[in-house]
1. Which of Pro181, Pro206, Pro121 moves most in a GNM of the chain, Cα contacts under 10 Å?
2. Using only the Cα atoms, what convex hull volume per residue in Å³ does the chain have?
3. Quick one: putting +1 on the C-beta of Lys and Arg, -1 on the C-beta of Asp and Glu, what dipole do you get for the chain around its Cα centre, in Debye to the nearest 20?
4. Considering the dipole of region 70-166 built from charges on the beta carbon (Lys and Arg +1, Asp and Glu -1) around the Cα centre, which of Leu126, Gln161, Tyr106 is farthest to its positive end?
5. Using a basic spin-label model with each label point 7 Å from the Cα along Cα→Cβ, how many nm lie between Val62 and Thr192?
6. Determine one quarter of the surface area of the Cα convex hull of region 214-253, which equals its mean projected area, and express it in nm² to one decimal.
7. Please give me the summed charge of the neighbours of Pro243: other residues whose Cβ is under 14 Å from its Cβ, Lys and Arg +1, Asp and Glu -1.
8. Any chance you could check the Cα centroid distance between region 165-215 and region 44-61 for me, in angstrom?
Amino acid sequence: MIPIKEPWELTVMRTAGRKLAEVVERVRERVADGVTTRDLDRIAEEAILAAGAKPAFKGYKVGRAVFPATICASVNEQVVHGIPSKRVLRAGDVVSLDFGLVYGGYYADMAYSTCIGEADPDAVRLVAATEEALRRGIAKARVGARIGDIGHAVESFVRPQGFGVVTQMVGHGIGRKMHEPPSVPNYGKQATGDLLRAGMVIAIEPMITLGTDDTKILGDQWTVVTEDNSRSAHFEHTVAITPAGPEVLTLPG
Ligand code: MG
C-alpha cells in the first residue's frame, strides 16, 4: 500500500524539504580540495540541528549495522552510503553527498555529486548526465503515470551515452518513514509498475556509473562501490506528485 499524504502532511514535508535543501547549500559552499568528508559531515549536522530538525541517517540500522554519521560521502568508485572520514577530497575526485533529515515527524532526502577542482572529461560528463537523468525522471512523476515511466526516462537517457545504471539500489517512497513503498528503480519499461496518484511522495535517485551496472558492499557493511571500480555519481530529490505536476520538495526557500 503506497501512502497518500494529506494536504497538511505535504505542508510539513515542504518545510522539511526546504530545510534540507538549505543544509545542502551550507555544505556545498564548503566542498573543496583539501576538505575532509568528516568536516562536511560536521557542517551538515550542525546545520540540521540549527534548523530544528534531526539527522535521518545517523543511527539508521540495516541488520546489525548502524550508520554512524549525518551524511553519506561517497568518493569516485563509491556509489552511495560512504561513511564520512579523515579522507581528504582532492582535485579530480567525484564526490557524492547524500543528506537526510526528519522534521515534524516527516523525512526529506536529497543528494548531489560534484567534481573537485579540475576533473577529467569523463567525470564531468558523468556528473552532468546523472543530474540531467534526475531532471528527466522527475518530469515523469505525474498523476496517471507509472513508476516504470520514471526508470525508463533515466535509463533511456544514460545508456545510449555508454553509462551504467546501478540496479541493486533504488529510489523509494518517503514520508513518516525514510523508506516507504513504492520502490523507484532507475530502469524500467514505460506504462508498467505502480500507478502514480496525487499525494504520493517519492525520492528519485539515479546512481550512474562510467562502467557496468554491478555493485558490491565493502567490509564496513555500508559503502556501496562499483564492482569494476569505475566512478559513479548520484543525484536525488524528494518529489511530491500533485495535480499540478511534480513538486520538488528539496529546494531552498
Ligand atoms: Mg534516498
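Throughout, read-outs are computed from the coordinates displayed, never taken from laboratory work. Please read all numbers here as calculations on a predicted model, not as lab measurements. Note that we place each Cβ from the backbone using ideal geometry, even for glycine, and neighbour counts take in every protein chain shown.
1. Pro121
2. Working: hull volume 28.6 nm³, N = 253.
So the per-residue Cα hull volume is 113 Å³.
3. Values: 29 positive and 31 negative charges, 140 e Å.
Using Cβ point charges on Lys, Arg, Asp and Glu, the chain gives about 680 debye.
4. Ranked along the dipole, the leading option is Tyr106.
5. With each label point 7 Å from Cα toward Cβ, the separation is 2.5 nm.
6. Numbers: hull surface 20.1 nm².
Across all orientations, region 214-253 yields a mean hull projection of 5.0 nm².
7. On the way: positive: Lys5, Arg142, Arg197; negative: Glu247.
With Lys, Arg at +1 and Asp, Glu at -1, the neighbours total +2.
8. Comparing the Cα centres of region 165-215 and region 44-61, I get a distance of 23 Å.
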